[in-house]
Amino acid sequence: MLGAQDFFDLKDNPFAGLFEGCAYVWDGLKRLKSYIDETINPNVSEILKDGPTLSRTVILHDGRMHKDGFELDPGDAAKGTFIVRRDGEVLPGASVIYAGASLMDERIQIGKGTVIEPGALIKGPSVIGDKTEIRQGAYIRGQVLVGNRCVVGHATEMKNAVLLGGSQAGHFAYLGDSILGAVNLGAGTKLANLKIVEGEIVLNIGGERYKTGLRKFGAVLGDGVETGCNSVTAPGTLLGKNVLVYPNCTARGFHPAGTIVKLRQNQIILQRRD
C-alpha cells in the first residue's frame, strides 16, 4: 500500500533504481543523494568555460556543444516539436540552452531534446531528462531528478526532489523534498516540507504510525494526481494515483487512489455598498 509501486508505474522508468531496497515510497528521499552521485553523467563542462550564465544560445548534440551555425524552430519540447537544424539538416535529440540561462556548476546532466529557457537557474547535482522544458525563471537548487517529458515552469522552485516523468509543474510551484509521478500541478501549488514544530515527520495511516526518519518531507504525488490553483500540501502528505485536489485546498495525511480533496467553504454573501 505504501511502496513506490503503489504510487507510480516504474516500468521502463530511468529512475526506477532510486527505490531499490526501499520498503516505503518516502525512503527514496533518503537515497536521493547517493543515487544521483552514483548515476549522474555530467555533460555541461564545455558550456561553462565562458562562465555560469550563458552569453549566447548553444545546443548540445551527440555529446558536442555548438555555439553557431544552427537554426531553431521553437515548439513543444515534450511533444518533440522543437526542431533544431544545422546546415539545413535536422539534428534529432539536440538540446537547447538559451542565452541568459545559468548553470551554476559542472554536476549537471542534460538529456536529449531538452530546452532550458533564459533566466532558468540550475545548481548541481541535478539530472534533467529528455524532451523536457525548464522554463524562464525556474530555480533548481540541487539534489534534483527531472524525468523525461516534464515541465518545470516559471517561478517554480525544486530542491531535493524528483519528477519521475510526464510531470507538469508549469507555474509558481514549490517542490521541496518530494517525489512526483506523472502529475499536473495547478498554478501556485506548494508542497510544504518542514513542520513548524521541530522533530521528524511521523505519518498516521490506518491507525498505524510510521516514523519516516525525515525532518524535511514534502509530499508524494502518485501518477495521475491533479492539483488546483493555489493548493497546498502539509509536510508528509501522500496522494495516491489519480487523486484530485481542488483549488485553494490544503491536503494533509494519506489520501488513497481515486479520491477527491475539496474545500468546504462558508456561504458567500453579496450586498451593495452604500
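Using only alpha carbons, segment 118-232 has a radius of gyration to Kirkwood radius ratio (Rg to Rh) of 0.99. Working from Cα pairs under 8 Å separated by at least six residues, relative contact order for segment 4-261 is 12 percent.
Of Lys79/Lys216; Lys67/Lys123; Lys11/Lys131, which ones are farther than 26 Å apart at the Cα? Beyond 26 Å: Lys79/Lys216. Label positions at Asn41 and Lys211, each projected 7 Å from the Cα along the C-beta direction, are separated by 4.1 nm.
A Gaussian network model of the chain, with springs between Cα atoms under 10 Å, assigns the largest mean-square fluctuation among Lys123, Lys190, Lys49 to Lys49. With the highest mean first, a sort of the peptides 172-179, 27-34 on other beta-carbon atoms found within 10 angstrom per residue produces 172-179, 27-34.
The average projected area of segment 150-210, computed from the convex hull of its Cα atoms over all directions, is 5.1 nm².
On the basis of the beta-carbon distance and an R0 of 45 Å, Asp50 and Ala23 show a calculated FRET efficiency of 0.45. Projection of the Cα convex hull of segment 22-132, averaged over all directions and equal to a quarter of that hull's surface, yields 7.6 nm².
When shorter helices are ignored and each DSSP H run of at least 4 residues is given -39500 (n - 2.57), the per-residue value for the chain at 222 nm works out to -1500 deg cm²/dmol.
What share of the DSSP beta bridges in segment 4-261 is antiparallel, in percent to the nearest 5? About 25 percent, rounded to the nearest 5.
Per residue, the convex hull around the alpha carbon atoms of segment 131-173 comes to 51 Å³.
Calculated from the structure, log10 I(q)/I(0) by the Debye sum over Cα atoms at q = 0.07, 0.12, 0.13, 0.15 Å⁻¹ equals which of (1) -0.55, -0.95, -0.99, -1.09; (2) -0.27, -0.72, -0.82, -1.04; (3) -0.55, -0.86, -0.92, -1.07? Computed from the coordinates, log10 I(q)/I(0) by the Debye sum over Cα atoms at q = 0.07, 0.12, 0.13, 0.15 Å⁻¹ corresponds to (2).
Rule-based calculations on the coordinates, nothing more; no lab input. Only a predicted model underlies this, so the values are computations on that prediction, with no experimental measurement involved. Every residue, glycine as well, gets a Cβ built from its backbone with ideal geometry; the counts of neighbours run over all protein chains shown.
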